[in-house]
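A.B. asks: Below: one structure in structure tokens.
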């Protein structure tokens, strides 16, 4: 919804990323805030934002697959592993520069996604979820057992160097923040563009009714695989950034539970919206932060002996409980996701005072 | 605008405002003043898996932290010091553990030492600890955590490789090579993760060969909470195993003990496990099936000396039966070790000069330090305990079958 008097007269206007001058100014201000944030923010906040940004890339890929193309994947975390190991190995073994290793990691993740996406041609829903679930077991198994001399297996794992671009080493929270945020913005821009093109429209058509889409002449085979490929490219790039941020990898970094949570982030953010992916990732990561930080504080406030010596057990469990309850309450009160709430909020601001 | 739309707009606005307020609260909660630096406060930071698979043994560790700190405060063992415990639960999720580490790291004042209660997390975070010059005091001393020996990396037990070396000594010593006419065979049944394979290194495998003990390959693995390990045991039996060795927790040991008994293999195959397997809860979990099970043990148990000071503290502080898990005696030693290192470091450099380097040197200076549940010795070349012993389940109790003995050093150097 736009301000009164602003009308779209062409399709390109309707789908433009920046539709008004206010949009452009807001974006520039947002960029400036990001640029200057490290000057005032502590490492704690920067690392949280870096974490959110890396997660956002993964969820963006999943959003394209789930939210736009209507497919499902429980292998996102495993595809991240492919990207992480690909980038780490290309740099340490082959001497690739980071700027070349990163797209290669995306490509490697994409190829893995392509393979596990093949069943999507015959399967749907839960059955497809089960097929992609296999990736969560097969890929870590391959990493651990096929060439542990190269991947490091479980022991000793793989040590990944910090990214180096034109001689500059990104080995601090601040430098990693700038690098990750820049790549995240690029990935958001690309994702937004994908959804505005013929490909994005084909995805939506397949999601809404694949039979009707086929009748319209959309090659379902091609587009479903393409959705898996794009989704996994995002996972690969995200995995590579994770690896370079963590500097050490073993398959325990990429578990099935993580894949499940990424799907949760898509739902929480709002299916079928690019910003929803970012909102979903931010919401879950902030909630995670909140829960781990607040439970010990609450436990500290409780007078000693009040819970009969079980306080610590109660508050340790409180983390998981809060997390689960938040998700349930969220789905009850905001089933269409944060992005929807955000849009209604913006609309109500624009229509103020008539919105009240 | 209709009533419905208005209600929706109001609801959404409230929701977005709620989110914004929540973010503000989090950010303000993360802001800490530097007041603690001026006070004489010793903060033990404890992070790890307290609610996930390891929660049963790690959470009692927090009770131990508190009980020991209370004792030190009551007896003013570090003059004027205040004690604080800051914990955070990762739930066994690595990304959450990373986030907790970074939050702790940027606390004011910067932490000198963080206790990490999960091997996988310690392995993943080791290099970040070294870069940040914060001491990683780990519950799980796997090969990957312990080696190469790092200035800021300390294990709160004998390292898993050292434990395995100790076990190889025991197997070799108790095997009649002349009579049997062959080497003893040890099958591995464990978790396929950092903790489960924490003993595995080139040095330990070479040591086994040197001791003329054959390790059956491939290793057998089981899921996080296996309800049946018959297949793995039958494979190991077919490969001629005389011993089965595991690195996991009491519930998994119980499953294995029961399956060994059910398959009638418990007379033929002896069963042993690394440090955390010797948990008093095994009695409840496996009953008589646990009889004869041997555990490499770095700490005193609840089946020994009820008059020991740490047992009195346990009682005085009304600790619950759940707190009797393995983690309690382990963290009695852990907290004693940390506080003694603080005491020595403060004595040497004062509160003002206190930093992780001074603390690391103080830890290295501990020689046979009586940490109530374990003797503790560190050196510049060995950052895990050098001594341990073996305990065996006999008549429903953990009975020491060796004295505290120096384990072979499996540092690959």
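The values are calculated or read from the model by the stated rules, or taken from the named source; none is laboratory data. Nothing here was measured: the structure is a model prediction, and the numbers come from that model. Positions of Cβ are generated from backbone atoms using ideal geometry, with glycine treated the same way; all protein chains shown enter the neighbour counts.
A.B. asks: Please work out if residue A:260 is out of contact with any helix residue (DSSP H, G or I) (no Cβ under 6 Å at 6 or more places or on another chain), surrounded by fewer than 19 Cβ atoms within 10 Å (Cβ to Cβ), closer than 30 Å to residue A:313 by Cα and in contact (Cβ under 8 Å) with a residue 60 or more places away in the chain.
C.D. replies: Numbers: out of contact with any helix residue (DSSP H, G or I) (no Cβ under 6 Å at 6 or more places or on another chain): yes; surrounded by fewer than 19 Cβ atoms within 10 Å (Cβ to Cβ): yes; closer than 30 Å to residue A:313 by Cα: yes; in contact (Cβ under 8 Å) with a residue 60 or more places away in the chain: yes.
For residue A:260, the condition - out of contact with any helix residue (DSSP H, G or I) (no Cβ under 6 Å at 6 or more places or on another chain), surrounded by fewer than 19 Cβ atoms within 10 Å (Cβ to Cβ), closer than 30 Å to residue A:313 by Cα and in contact (Cβ under 8 Å) with a residue 60 or more places away in the chain - is met.
A.B. asks: Still on this structure: Would you check if there is a residue in region A:290-311 being modelled with pLDDT of 85 or more, more than 21 Å from residue B:102 (Cβ to Cβ) and surrounded by fewer than 23 Cβ atoms within 10 Å (Cβ to Cβ)?
C.D. replies: No, every residue in region A:290-311 fails to be modelled with pLDDT of 85 or more, more than 21 Å from residue B:102 (Cβ to Cβ) and surrounded by fewer than 23 Cβ atoms within 10 Å (Cβ to Cβ).
A.B. asks: Of the residues B:366, B:339, only one is at pLDDT 95 or above and assigned to a loop (DSSP other than H, G, I, E, B); which?
C.D. replies: Residue meeting the stated conditions: B:366.
A.B. asks: Here's another thing I want to ask about it. Can you tell me which residue is surrounded by the most Cβ atoms within 10 Å (Cβ to Cβ) among those in region B:137-149 that are away from every other protein chain (no Cβ under 13 Å) and not in a loop (DSSP other than H, G, I, E, B)?
C.D. replies: B:138
A.B. asks: Quick check: is even one residue across region B:302-325 touching a strand residue (DSSP E or B) at 6+ places or on another chain (Cβ under 8 Å), part of a loop (DSSP other than H, G, I, E, B), in contact (Cβ under 8 Å) with a residue 60 or more places away in the chain and under 30 Å from residue B:240 (Cα atoms)?
C.D. replies: No: region B:302-325 contains no residue that is touching a strand residue (DSSP E or B) at 6+ places or on another chain (Cβ under 8 Å), part of a loop (DSSP other than H, G, I, E, B), in contact (Cβ under 8 Å) with a residue 60 or more places away in the chain and under 30 Å from residue B:240 (Cα atoms).
A.B. asks: Next question. Checking the structure you have, find out if any residue of region B:119-134 is surrounded by 24 or more Cβ atoms within 10 Å (Cβ to Cβ) and assigned to a loop (DSSP other than H, G, I, E, B).
C.D. replies: no
A.B. asks: Which fully enclosed helices (runs of 4 or more DSSP H) of region B:150-258 have 2 or more residues being free of Cβ contacts under 8 Å to residues at least 40 places away in the same chain?
C.D. replies: B:177-180, B:202-210, B:230-238
A.B. asks: Residues in region A:119-136: is at least one modelled with pLDDT of 95 or more, touching a helix residue (DSSP H, G or I) at 6+ places or on another chain (Cβ under 6 Å), surrounded by 14 or more Cβ atoms within 10 Å (Cβ to Cβ) and away from chain B (no Cβ under 14 Å)? Full working, then the answer.
C.D. replies: Our first condition is that a residue be modelled with pLDDT of 95 or more; within region A:119-136, this holds for none.
Looking through region A:119-136, none of the residues is modelled with pLDDT of 95 or more, touching a helix residue (DSSP H, G or I) at 6+ places or on another chain (Cβ under 6 Å), surrounded by 14 or more Cβ atoms within 10 Å (Cβ to Cβ) and away from chain B (no Cβ under 14 Å).
A.B. asks: Would you be able to say whether some residue in region B:95-102 is surrounded by fewer than 24 Cβ atoms within 10 Å (Cβ to Cβ), under 23 Å from residue B:191 (Cβ atoms), without any contact (Cβ under 8 Å) to a residue 40 or more places away in the chain and within 8 Å of another protein chain (Cβ to nearest Cβ)?
C.D. replies: Yes, that holds for at least one residue.
A.B. asks: Identify all residues within region A:164-188 that are without any contact (Cβ under 8 Å) to a residue 12 or more places away in the chain and more than 14 Å from the chain's Cα centre (by Cα); write none if there are none.
C.D. replies: A:166, A:167, A:168, A:169, A:171, A:172, A:175, A:182
A.B. asks: Let me ask you something else. Go through (1) farther than 28 Å from residue B:59 by Cα; (2) touching a helix residue (DSSP H, G or I) at 6+ places or on another chain (Cβ under 9 Å); (3) more than 8 Å from chain B (Cβ to nearest Cβ); (4) surrounded by fewer than 23 Cβ atoms within 10 Å (Cβ to Cβ) and name the single condition residue A:352 misses.
C.D. replies: (2) is the only condition that residue A:352 fails.
Yes or no, residue by residue, for (1) more than 14 Å from chain B (Cβ to nearest Cβ); (2) touching a residue at least 12 places away in the same chain (Cβ under 8 Å); (3) in contact with a helix residue (DSSP H, G or I) (Cβ under 6 Å, 6 or more places away or on another chain):
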| position | (1), (2), (3) |
| --- | --- |
| A:37 | no, yes, no |
| A:42 | no, no, no |
| A:46 | no, yes, yes |
| A:62 | yes, yes, yes |
| A:72 | yes, yes, yes |
| A:75 | yes, yes, yes |
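A.B. asks: Residue B:92 fails exactly one of the following numbered conditions: (1) modelled with pLDDT under 90; (2) more than 7 Å from every other protein chain (Cβ to nearest Cβ); (3) in contact with a helix residue (DSSP H, G or I) (Cβ under 9 Å, 6 or more places away or on another chain); (4) not in a loop (DSSP other than H, G, I, E, B). What is the number of that condition?
C.D. replies: Result: residue B:92 passes all but (4).
A.B. asks: Regarding residue A:165, is this residue touching a helix residue (DSSP H, G or I) at 6+ places or on another chain (Cβ under 7 Å) and buried (at least 17 other Cβ atoms within 10 Å of the Cβ)?
C.D. replies: Working: touching a helix residue (DSSP H, G or I) at 6+ places or on another chain (Cβ under 7 Å): yes; buried (at least 17 other Cβ atoms within 10 Å of the Cβ): no.
Criteria not met by residue A:165.
A.B. asks: Here is a follow-up. Inspect all residues belonging to region B:300-313 and state whether any of them is more than 30 Å from residue B:131 (Cα to Cα) and within 14 Å of chain A (Cβ to nearest Cβ).
C.D. replies: yes
A.B. asks: Please identify the pairs in which a residue from region A:124-137 that is under 14 Å from residue A:77 (Cα atoms) has its Cβ atom under 6 Å from the Cβ atom of a residue that is part of a helix (DSSP H, G or I), counting only partners at least 6 apart or on another chain.
C.D. replies: If the second residue must be part of a helix (DSSP H, G or I), the pairs left are A:132/A:116; A:135/A:78; A:135/A:116; A:136/A:78; A:136/A:256; A:136/A:259.
A.B. asks: When region B:390-413 is examined, which residues are found to be surrounded by fewer than 21 Cβ atoms within 10 Å (Cβ to Cβ) and part of a strand (DSSP E or B)?
C.D. replies: Correct list: B:390, B:392, B:394, B:397, B:399, B:400, B:405, B:406.
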